[in-house]
Amino acid sequence: MKKIFLNKNKTLIELGYEFLVVCPHCASCAKVIALDDPSPYIANVRRRFICTACGVIKNKVIKANGYGQARVSYEPKANYEVILAENPCDWYFQLSLYLQIECSGNTLWALNLENLNYIENYIEAELRESYPYYLSVESRLPKWMKLAKNREDVLKAIQKLKVKLNEKS
Ligand SMILES: [Zn+2]
């Protein structure tokens, strides 16, 4: 039976409740989590960096702009609290994502395990449902990832990331 991918229509924003990041103190896999509403557009919410390997915890409250919204930017280098660009780091502390790997001359990254499994399900499918929601993860995957010639490389890279995640503790 062929593997079928049915649109999940989830956005990266919905997956931003948790980021696996590289701890800047000990290089272990750490987390950035939402203590309140995980939406990056809401101001005055708390975000927490936690590294269980070295015990560092940092909290941050996302400040509002003059309009009472979080300072959201789509620019990778903009000096805002929240970054929504395709820069492989978390949106609040700007720490490198733990789940990233070179693949077919590009960088494959995922915010967390759910995001990684999502990408894997899409890539390994032989049949895909048409017309995904335009902001969804499946419709926003870069073209190089969707090319048939890169399929095996992408799946191997995802497996390597899963092994890295399992071996971290
Ligand atoms: Zn650490």
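The values are calculated or read from the model by the stated rules, or taken from the named source; none is laboratory data. In this text the structure is predicted, and so the values were computed from the model without any measurement. Using ideal geometry, Cβ is built from the backbone for each residue, glycine included, and neighbour counts are taken over all protein chains shown. Note: areas computed on protein heavy atoms with side chains; ligands, DNA, RNA excluded. Shrake-Rupley method; radii C 1.70, N 1.55, O 1.52, S 1.80 Å.
Summary of values
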{"item": "Elements of type strands (runs of 3 or more DSSP E) contained in region 1-72, each with 3 or more residues being among the aliphatic types (A, V, I, L, M) and within 16 Å of the ligand (Cβ to nearest atom)", "result": "18-22, 29-34"}
{"item": "Subset of region 58-110 that is aromatic (Phe, Trp, Tyr) and modelled with pLDDT under 80 - its residue that is least open to solvent (accessible area, probe 1.4 Å)", "result": "TYR80"}
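Every residue, every condition in (1) touching a Leu at 6+ places or on another chain (Cβ under 9 Å); (2) part of a helix (DSSP H, G or I); (3) without any contact (Cβ under 8 Å) to a residue 12 or more places away in the chain; (4) under 18 Å from ASN7 (Cβ atoms), yes or no:
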{"site": "GLU114", "(1), (2), (3), (4)": "yes, yes, no, yes"}
{"site": "GLU120", "(1), (2), (3), (4)": "yes, yes, no, yes"}
{"site": "SER130", "(1), (2), (3), (4)": "no, no, yes, yes"}
{"site": "TYR133", "(1), (2), (3), (4)": "no, no, no, yes"}
{"site": "ARG151", "(1), (2), (3), (4)": "no, yes, no, no"}
{"site": "ALA157", "(1), (2), (3), (4)": "yes, yes, no, no"}
{"site": "LEU161", "(1), (2), (3), (4)": "yes, yes, no, no"}
{"site": "ASN166", "(1), (2), (3), (4)": "no, yes, yes, no"}
